1. Taking R0 as 22 Å, what FRET efficiency do you get between residue 144 and residue 88 from their Cβ-Cβ distance, rounded to the nearest 0.05?
2. If a/c stays under 1.5 just call it rounded; otherwise compare a/b with b/c (prolate if a/b is bigger, oblate if not). Do that for region 12-88, with a ≥ b ≥ c from the square roots of the Cα gyration tensor eigenvalues.
3. Could you give me the ³J(HN,Hα) list for region 32-47, computed from phi with Karplus coefficients 6.51, -1.76, 1.60 and θ = phi - 60°, whole Hz, x at Gly and Pro?
4. What accessible area per residue comes out for region 51-104, rounded to a whole number of Å², with a 1.4 Å probe?
5. Express in nm, to one decimal, how much length is gained between residue 26 and residue 115 on full extension, taking 0.36 nm for each residue of separation and deducting their alpha carbon distance.
6. Using modelled backbone amide H atoms (1.01 Å from N, in-plane), which distant-in-sequence or interchain residues come within less than 5 Å of residue 123's amide H?
7. Go through 70-76, 54-60 and give me the packing order, highest mean Cβ count within 10 Å leading.
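The values are calculated or read from the model by the stated rules, or taken from the named source; none is laboratory data. Owing to the predicted nature of the structure, the values given are computational and were not obtained by experimental measurement. Neighbour counts are summed over all protein chains in view; Cβ atoms, including those assigned to glycine, are modelled from backbone coordinates with ideal geometry. SASA here: full protein model, heavy atoms, side chains in, ligands and nucleic acids out. Shrake-Rupley method; radii C 1.70, N 1.55, O 1.52, S 1.80 Å.
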Amino acid sequence: MSTENTREATPRRPAGSTALTPPAEAIAPVRHPDAPAPGELLGAHYAHCFGCGDGQPHGLHLQARAGEGVRVAAEFTVQAAHQGAPGLAHGGVLATALDETLGSLNWLLRVIAVTGRLETDFVRPVPVGTVLHLDAEVTAVHGRKIYSTATGRIGGPEGPVAVRADALFIEVKVDHFIDNGRPEEIQAAMADPDQARRARAFEVNP
């Protein structure tokens, strides 16, 4: 059996990761009434974010759109600066793309949340020049815990799965960033006159 076939046959990770398994009392997510409309481009949450910011020359420049319910779709093109093995995307970059897409979901809930845990499966190689099509949704909410899942496909939105992840996000207050971030960046972000952009700057960073 070839390596490629072995990778393709790898099953979805078992639900044995208790940290990513919602408890029985978890509830279904509820899209916030002020969330962006389905199909709306979410835009960068922070100009200097490596995942989505326009101010990062070698960043992913990932673009996410709101979907139905609590779901988003996103794309990014793997550039030469993103490679690990020659001609292939670095696994850490692919994990970043998944994390960024999953983090965008919190904008549909209108909460500030950070990544608590991210488990990633690398199913097949992603060559430089490939467009990675990502789809993510929130599956459950329990108190401050937000459970979500994502897949990344190549060759189109319905193409073969290349990467996938399950995640746990934790809702936090803005003090989390003020207390832990570098003061120069925090002050600059908080001074932004655009209220929505100011709120989004503190959306998904750990």
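1. The value I calculate is 0.05.
2. It is oblate, given that a/c is not under 1.5 and a/b is not larger than b/c.
3. These are the phi-based 3J(HN,Hα) values: 5, x, 9, 5, x, 5, x, x, 6, 6, 6, x, 5, 7, 7, 4 Hz.
4. Each residue of region 51-104 exposes 42 Å² on average to a 1.4 Å probe.
5. Stretched fully, the residue 26-residue 115 segment lengthens by 30.2 nm.
6. Amide H neighbours of residue 123, under 5 Å, 5+ apart: 163, 164.
7. 70-76, 54-60
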